[in-house]
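FYI, it's all coordinate maths here, none of it is from the lab. Just so it is clear, the structure is predicted and the values come from calculations on it, not from any experiment. Virtual Cβ from ideal backbone geometry, glycine too; neighbours counted across all protein chains shown.
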There are 2 protein chains.
Amino acid sequence: MKTAEAKTIKSGGVTSAQGFQAAGVASGIKSRGEKDLAVVLSDVPAEVAATFTTNLVKAAPVKVSMRHSRNGKIRGVVINSGCANACTGVRGIADAKEMIERAAREFKTKPREWLVCSTGRIGNRLPMAKVRKGIEKAAQKLGADNGAEAAKAIMTTDTRRKEFAMRFKVDGRKVTIGGMAKGAGMIHPNMATMLCVITTDACIDKPTLRACVQEAVEHSFNRISVDGDTSTNDTVIVIANGLSGSNLLKSYHPQFGLFKKTLTHVMRKLARMIVEDGEGITRVVDVVVKGAASAQDARLAALAVAKSELVKTSWAGGDPNWGRILAALGYSGARIREEMVEIFYDGLVAVVNGQPSKTPVAKLRKLVRKPIFTITIHLHSGLGEYSVLTTDLTEEYVQINAGE
Amino acid sequence: MKTAEAKTIKSGGVTSAQGFQAAGVASGIKSRGEKDLAVVLSDVPAEVAATFTTNLVKAAPVKVSMRHSRNGKIRGVVINSGCANACTGVRGIADAKEMIERAAREFKTKPREWLVCSTGRIGNRLPMAKVRKGIEKAAQKLGADNGAEAAKAIMTTDTRRKEFAMRFKVDGRKVTIGGMAKGAGMIHPNMATMLCVITTDACIDKPTLRACVQEAVEHSFNRISVDGDTSTNDTVIVIANGLSGSNLLKSYHPQFGLFKKTLTHVMRKLARMIVEDGEGITRVVDVVVKGAASAQDARLAALAVAKSELVKTSWAGGDPNWGRILAALGYSGARIREEMVEIFYDGLVAVVNGQPSKTPVAKLRKLVRKPIFTITIHLHSGLGEYSVLTTDLTEEYVQINAGE
């Protein structure tokens, strides 16, 4: 997906848009001296739209940020890794609020103008003494070139930082959308265990921004799956400070479509980076369902395949085991007729009319050993379509998650 | 669960009841000369009740057996392992029917009086020349002491055969219920990848037997999960030939409750054996949910925990990671209030009011390293209860299923 008029910014990230600064520091929450505290600050009050985990068990920072993102403008986001501040009760809420108050004091703003995120292990309280010092340190290190530092500080089991930014023109002014994300396990729609902060200097009002963010999330972060577990801390925050100086991007603005498309593209890029960095994975697989009886049937079918342990382990073994895919379709809840199903591995047809095609297994096997491929499933029952980006399931995934 | 008046038969199985014979032979479907074809025969026409996979993709033998079990009495079941005969189209149906015709001819009965089961890899046709010879061979080996041979012949990735039988008295006559099962992976409710054949000499009519089987399956095979994948071939068959000579076991018979209880107990035993033989597992965990807003909420909650890759890998690592359990409850779809949740590991309380208890982590860790334990989750939201027997998820599971 290439947005025609928007260009990728090399090494772009959360500070690529005008008027945004960031910092990433080591506060000592993580034991090995790695960076674990990030701040993103807008020079001026900015509109914000955010989506949060659908998990009924929500971490304290999620509860606080949900309230603060609802109304009014914000100035910044403070994020820690190494501790999720989830299942920590009222004391957890107090800790999340204190993070915001400390940040507000350091940056001479109001607590109401801050959001807070945490990521890491569930059930432990934040080491607040360290967090306080971390925020002080972040205030000193703040800068417009520190996007990469911030992206590093929000990592948990991630093996690399995830940043992306694009730029396009609106009313002759440069508009930038850039962001950072983290996530590698506990990844599943609505939403994945992931955090994402995107900043833009676009001029846009809150309701319009909110609609754009919802749609973009639906087409990006809500369509990836690593292990089928929805976390307690998932958060996507988009901050728009309007410093590009263009006219307001309402739905009737000629460049509104371009803004939406670019925002979606930035989110899709970051979502893909999360999947590609999935814990222990060796394959990234696009599961595309076409011809379902409805969009909901397509979604059920795609998710069942993308989540099946047996399908995912067969990919890890480089085994084109389409029988397991058919079995997953059969229990997905989607309306399927076995004798209509076609399954393709990239361009190669593996199943026709619910039965093996004449494609030699050796050819399919070669394809499934590629690091990236697409499974296209045609149900020939209607017009419903859906796709999910998923991974294989390896022994290494188990190793990573069996450790404490 | 001990049934007061029914006694376990040592080394009992599918031929423990009067008037049942079996055979288990090597027909060459499996390449290494292992047993792969079983026959169970009743000396007289018998009532039958069966439940089959809910997967929309049903293997050919399932389609054939569904028809044959609906009406009329049956004489026997012919089963092969090593090939599932699933996703094989009309030719697969023809092969399943031929298995039945061959068995009927060998045993001088009608094809209509036979059921057929297959288990193994999906998408390959049966090697019929071998199957035919196997059925001939089974006819020669048939005997009333061959339950164990048959139980061996239906194994796939199972590491041990699964048999169990019990005996009790009805109207002064001995009544026996005994059976065999197979299954180790692709195990999930409604139903697991499993086959089970149970025989009894009880006198019972078809509608009553059917009702008993449905209830017993709901409390046994539908409450186990190894990997969350529902297979295309799952089948539970119960055959009652009436040779015990007691009065008819209708619902008003004083011993009717005992029959139902014992049938459920036999199924639960066999279901537990399947879980304990789960592919690569090192822990068997009873997930018990209490106090849910409804029975359906309890079911959703228990299944989400029993299926979570993150919860199951943490058990493999001997890590009492109750945070992941809380997260799974949160996305389960069950109505939960975080601040009401209690979680116990056997007798030890780990979570109170949605927050860590004072139980030292070292104690919990020791408990989670046991091969068998119970997680009890109290939601304090109502009276709904449900339990699922599940396992951990290990590197070995991935190894087994990544191979071809």
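Size of region B:7-276: Rg and Dmax of its alpha carbons, in Å, are 16.7, 51.
Sorted shortest first, the separations between the B:Lys250 label point and its copies elsewhere in the assembly read 7.8 nm; each point sits 7 Å from Cα along the Cα-to-Cβ line.
Across identical copies of the chain, A:Lys174 has label-point separations of 9.2 nm, listed in ascending order, with the point defined 7 angstrom from Cα along Cα→Cβ. What is the local net charge at A:Leu243, summed over the other residues whose Cβ is closer than 14 Å to its Cβ (Lys, Arg +1; Asp, Glu -1)? Taking every Cβ under 14 Å from that of A:Leu243, the sum is +1. Once the Cα atoms of helix A:206-218 and of chain A are each reduced to a long axis, what angle between those two axes, in degrees from 0 to 90 to the nearest 10, is obtained? Orientation of helix A:206-218: about 30 degrees from the principal axis. Only Cα pairs within less than 10 Å get springs; with that Gaussian network setup on chain A, which residue of A:Gly183, A:Gly89, A:Gly172 has the largest fluctuation? Answer for the Gaussian network model of chain A: A:Gly172. Sequence-distant contacts, meaning Cα pairs under 8 Å at least 6 residues apart, place the relative contact order of region B:71-182 at 26 percent. So for the protein assembly as shown, what percent of the C-alpha to C-alpha distances run longer than 35 Å? Value for the protein assembly as shown: 52 percent of Cα pairs lie more than 35 Å apart. Calculated over region A:153-303, the projected area of the Cα convex hull averaged across directions stands at 9.9 nm².
Among A:Val351, A:Val44, B:Val40, rank each residue by its count of other Cβ atoms within 10 Å, from fewest to most, as a rough exposure measure.
Values: A:Val351 23, A:Val44 10, B:Val40 29.
Sorted ascending by nearby Cβ count, the order is A:Val44, A:Val351, B:Val40.
Assign unit charges at the C-beta atoms only (+1 for Lys and Arg, -1 for Asp and Glu), then state the dipole size of the protein assembly as shown relative to its Cα centre in Debye, rounded to the nearest 20. Provide the component values of the computation, followed by the final result.
Details: 116 positive and 78 negative charges, 18 e Å.
About 80 debye.
Applying 1/(1 + (r/R0)^6) with R0 = 30 Å to the Cβ-Cβ distance of B:Arg369 and A:Lys363 gives a FRET efficiency near 0.05. Selection among A:Gly134, A:Thr156, A:Gln214 by position relative to the dipole of region A:90-248 gives A:Gly134 as farthest towards the positive end (Cβ unit charges, Cα centre).
Between B:Val287, B:Ile336, B:Trp322, the Cα set farthest toward the positive side of the dipole of region B:284-402 (charges on each charged residue's Cβ, about the Cα centre) is that of B:Trp322.
Summarising the amide proton neighbourhood of B:Asn124: residues at separation of 5 or more, or on other chains, whose placed amide H is nearer than 5 Å comprise B:Ala84, B:Asn85, B:Ala86.
Where both bridge residues fall in the protein assembly as shown, DSSP classifies roughly 75% of the beta bridges as antiparallel.
To the nearest ten degrees, helix A:128-141 and the longest principal axis of the Cα atoms of chain A are 80 degrees apart. By the count of other C-beta atoms within 10 Å, a proxy for reagent exposure, A:Ser118, B:Ser381, A:Ser314 are ordered fewest to most as B:Ser381, A:Ser314, A:Ser118. Students often get this wrong: which residues of region B:105-146 have the backbone nitrogen under 17 Å from the point 7 angstrom along Cα-to-C-beta of B:Ala94? Within reach of a label on B:Ala94, which here means backbone N under 17 Å from a point 7 Å along Cα→Cβ, region B:105-146 contributes B:124-132. Contact order for region A:7-276, expressed relative to its length and based on alpha carbon pairs under 8 Å spaced 6+ residues apart, stands at 26 percent. The rotation axis that maps chain A onto chain B passes nearest to the beta carbon of this chain A residue, listed with its distance in whole angstrom: A:Glu395, 2. Most mobile of B:Pro360, B:Pro371, B:Pro127 per a Gaussian network model of chain B (Cα springs, under 10 Å)? In this elastic network of chain B, the residue with the biggest mean-square fluctuation among B:Pro360, B:Pro371, B:Pro127 is B:Pro360.
Quote the relative contact order of region B:284-402 in percent (integer), defining contacts as alpha-carbon pairs under 8 Å separated by 6+ residues.
Working: 251 pairs, mean separation 54.3, N = 119.
In percent, rounded to a whole number, it is 46.
Qualifying trypsin sites (Lys or Arg not before Pro) in region B:83-113, where qualification requires a DSSP coil assignment and no more than 12 other C-beta atoms within 10 Å, comprise B:Lys108. Among A:Leu389, A:Leu348, A:Leu243, A:Leu329, a tally of other beta-carbon atoms within 10 Å of each Cβ gives an order, fewest to most, of A:Leu348, A:Leu243, A:Leu389, A:Leu329.
Expressed as a fraction of 2.2 N^0.38 Å, the value expected for a compact globular protein of N residues, the C-alpha radius of gyration of region A:284-402 is 1.00. If you take all other residues with their beta carbon under 13 Å from the beta carbon of B:Ala302, and give Lys and Arg +1 and Asp and Glu -1, the sum is +1.
Rounded to the nearest 20 debye, the dipole size of region B:7-276 about its Cα centre is 260 debye, using +1 on the Cβ of Lys and Arg and -1 on the Cβ of Asp and Glu. A Förster radius of 56 Å, combined with the Cβ-Cβ distance separating B:Lys250 from A:Lys7, puts the computed FRET efficiency at roughly 0.10.
Between the C-alpha center of region B:95-168 and that of region B:292-312 there is a gap of 36 Å.
Summary for A:Arg369: label point 7 Å along Cα→Cβ; distances to the equivalent points in the other copies, ascending, 4.1 nm.
Give me the net charge for the shell around A:Lys30: Cβ to Cβ below 12 angstrom, other residues only, Lys and Arg +1, Asp and Glu -1. Mind dumping the intermediate values first?
Details: positive: A:Arg32, A:Lys35, A:Arg121, A:Lys130, A:Lys152; negative: A:Glu34, A:Asp36.
Cβ neighbours under 12 Å give a net charge of +3.
Pairs from the list B:Lys73/B:Lys133; A:Lys7/A:Lys269; A:Lys162/A:Lys312; B:Lys110/B:Lys130; B:Lys10/B:Lys174 with a Cα-Cα gap above 20 Å: B:Lys73/B:Lys133; A:Lys162/A:Lys312; B:Lys110/B:Lys130. How far is helix B:60-70 tilted, in degrees, relative to the longest principal axis of the Cα atoms in chain B, given as a value from 0 to 90 rounded to the nearest 10? Tilt of helix B:60-70: around 80 degrees.
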